[in-house]
Amino acid sequence: MKRLLTAVMALSGVAVTSTTAFAQEANSFEEWANQCYELSGEPALEACDKAIELNANDATVWTNRGRILYADLGRTEEALESLNRAIAIAPNDSLALYNRCTALAALERYQQAIDSCDRAIAGDGRWGESDPSRAWVNRGVSLRRLGRHNEAIESYDRAIEINPNDALVWNNKGAVLYEVERYADALSAFEEALRLDPNHELARRNRNIVQQRLSGQ
């Protein structure tokens, strides 16, 4: 059986609370923290580090630093260290816990990823630019990787309850349905993903595979 493709949600950023104007030559924690969030790549990482030099106890900056290391620079192990620092400061920070779940899944540490997503869902409810559906999605990805297909489907259903218009969730659910040989249900999930996003290439590829299976090819 061909293995269908799923996707993990990306790490999500958070907005700093300061209203200080953006400053190229920052000299306060608030200015560096703003640049940590507004910039990307190495300049953003440098700004985060400058902010941390001035205040090492701000979970938001550590979370943003982890996002930059993972999403911009591909330095997943370092991202995980930064997110762990954020969680040490704010143990119930939903966004930091969600981002750690994403990094752990990327490192194929799936049970730890599930545990972190569970903590995010039960956390303080502060999701920044994200929402709880993302934690349910990444939880589902890790469950699937562990062969816990029914639990993965349940996770995707919870994500869909929160955000029924996310094509990625429908694609991921379809992939698990296919693996448990629920081909008609899988096809319906991929069709819904494509209805929501006609340019979703994973869903299109997966739909074609299911159609071939159903036609006996």
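The values are calculated or read from the model by the stated rules, or taken from the named source; none is laboratory data. Just so you know, these numbers come straight off a predicted model, no measurement behind them. When we count neighbours, we look across all protein chains shown, and the Cβ atoms used for this are built from the backbone with ideal geometry, even at glycine. Protein only, heavy atoms only, side chains kept; ligands, DNA and RNA dropped before computing areas. Shrake-Rupley method; radii C 1.70, N 1.55, O 1.52, S 1.80 Å.
Odds and ends about this structure:
- Solvent exposure of Lys173, expressed as accessible area, is near 30 Å², computed with a probe of 1.4 Å over the protein chains only.
- Rounded to the nearest 500, the helix-only mean residue ellipticity at 222 nm of the chain stands at -20500 deg cm²/dmol, with each DSSP H run of n ≥ 4 adding -39,500 (n - 2.57).
- The modelled label-to-label distance for the pair Glu42/Gln211, using points 7 Å beyond Cα in the direction of Cβ, is 4.6 nm.
- Per-selection Rg to Rh, the stretch 28-166 - Cα, Kirkwood hydrodynamic radius: 1.00
- Near Asn165, once Lys and Arg are set to +1 and Asp and Glu to -1 for all other residues with Cβ below 11 Å from its Cβ, the sum equals -2.
- Mean-position separation - Cα centroids, the stretch 185-217 and the stretch 28-98, in angstrom: 38
- Working from label points 7 Å from Cα in the Cα-to-Cβ sense, the Asn150 to Asn199 distance is 4.0 nm.
- Taking all protein chains as they are arranged and a probe of 1.4 Å, the heavy atoms of Thr60 leave approximately 40 Å² accessible to solvent.
- Gained length - Asp124 relative to Arg182, 0.36 nm times residue gap less alpha-carbon distance: 17.2 nm
- Among Phe29, Ala186, Thr63 the positive-end extreme of the charge dipole of the chain (Cβ point charges): Ala186
- By accessible area, using a 1.4 Å probe on protein heavy atoms only, the stretch 49-179 has 40% of its surface on carbon and sulfur.
- Dipole magnitude of the chain, debye to nearest 20 (Cβ charges: Lys/Arg +1, Asp/Glu -1, about Cα centre): 1100
- D_trans [Stokes-Einstein, Kirkwood Rh over alpha-carbon pairs] for the stretch 51-112, 10 °C, 1.306 mPa s, µm² s⁻¹: 141
- Placing a pseudo-label 7 Å from each Cα along the Cα-to-Cβ vector at Ala88 and Ile162 gives an inter-label distance of 2.7 nm.
- Average accessible area per residue (Å²) across the stretch 62-217 - probe 1.4 Å, nucleic acids and ligands excluded: 44
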